[in-house]
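Some notes on the structure that comes next.
Bear in mind these aren't lab numbers, they're just calculated from the coordinates by the rules spelled out. Worth saying up front: this structure is predicted, and the values here are computed from it rather than measured. A quick note on method: Cβ atoms are made from the backbone with ideal geometry, for glycine too, and the neighbour counts reach across all protein chains shown.
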Ligand code: TXA
Ligand code: MG
């Protein structure tokens, strides 16, 4: 039996908070993607998250908080640079990696000495966290390695058996996961572990220097695996000017093709399922996972994705598309 999707009104929020207190899992919306939430103080509940996702136990989870003022309860240090980012981007699509406080359990951090903390801006996420009062450990509510969910229906389809309920907050505004910034790898400096909803140039503006990109000591982060965020259907990035020819070649070989473009081609290609992502990175990100899921659902032989521009604004989108198309 699949879990019910319930309206995120005050009754629904109160019910979801009760389920969390009882050690059960809850699907909930954030502005980035939907989360699979568990009481971050309950090791058994947290382990159930890993089991539901099929995620290796040593990949840490993010703890979600109602308010950035709670960070000092979960992190034993809060360096000046991290404070600057918290003031500027919390609530929002930012996750800070900080030295963990004594209360943080091993099940959440995968045994690492750091903890990921995030204060989502989505009103439903905020209301749930405020009602629950504690921290909610939550990864994206998808099976390990698969495409992240941006609607309640996506969560129900993939993890419906594992959750007590799913709060319906409509489609996610940002559509792509939070930016993960680590303050534990390099003394006094920010390291970008995962590009995301907060653009690099905004981090740079706030910090007064550009964060280091990835670090050789970077702890395990599943979003940094080569193949991740991947549809079941083989998917390939293709330069825009090659797209029509690539589609033709696939069809000549008898394969069913779907395409995800930016805004073209101007006329529909007969018999080819086509989604348009949009010309700006913000727009494109908002519908990217939804479009990939729709294409994946169509039982095609191959998905061709028009390669977006290379600019800094597209960094998070390109990061996800490269992983979605990586075949190990
Ligand atoms: O937008 C998001 O961040 C969504 C929503 C639900 O909040 N969550 C999300 O969680 O994307 P997840 O588990 O799918 O990805 C979290 C990323 C992973 O790459 C994880 O390894 C990394 O953050 N992470 C969490 N805690 C960490 C830590 N202590 N050290 C290093 N990386 C950490
Ligand atoms: Mg994820």
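For this structure, a couple of remarks:
- Most tightly packed first, judged by the mean number of other beta-carbon atoms within 10 Å of their residues, the peptides 88-95, 240-247 read 88-95, 240-247.
- For the pair residue 249 and residue 4, label points projected 7 Å from Cα toward Cβ lie 5.2 nm apart.
- Whole-Å distance, taken between Cα centres, linking segment 44-82 and segment 132-183: 14 Å
- Cα-based helix-to-principal-axis angle, 123-132 vs the chain, degrees rounded to 10: 30 degrees
- Taking other Cβ atoms within 10 Å as a rough exposure proxy, 114, 227, 178 sort from fewest to most as 227, 114, 178.
- Cβ-to-Cβ counts within 10 Å put 148, 10, 162 in ascending order as 10, 162, 148, the fewest first.
- GNM flexibility winner over the chain from 308, 171, 123 (Cα, springs under 10 Å): 123
- Cut-off 17 Å (backbone N to label point 7 Å along Cα→Cβ of residue 227), residues of segment 130-151: 143-148
- Residue 143 paired with residue 44, simple spin-label distance in nm, labels 7 Å along Cα-to-beta-carbon: 2.7 nm
- Top of 260, 25, 65 by mean-square fluctuation, Gaussian network on the chain, Cα under 10 Å: 260
- Modelled spin-label separation between residue 83 and residue 105, with each label point placed 7 Å from Cα along the Cα-to-Cβ direction: 3.1 nm.
- Put in order of Cβ neighbour count within 10 Å, fewest first, the listed residues 44, 19, 177 become 44, 19, 177.
- Helix-only [θ]222 nm of the chain, DSSP H runs n ≥ 4, -39500 (n - 2.57) each, per residue, nearest 500: -9000 deg cm²/dmol
- Prolate/oblate/rounded call for segment 157-290, Cα gyration tensor, a/c under 1.5 rounded: prolate
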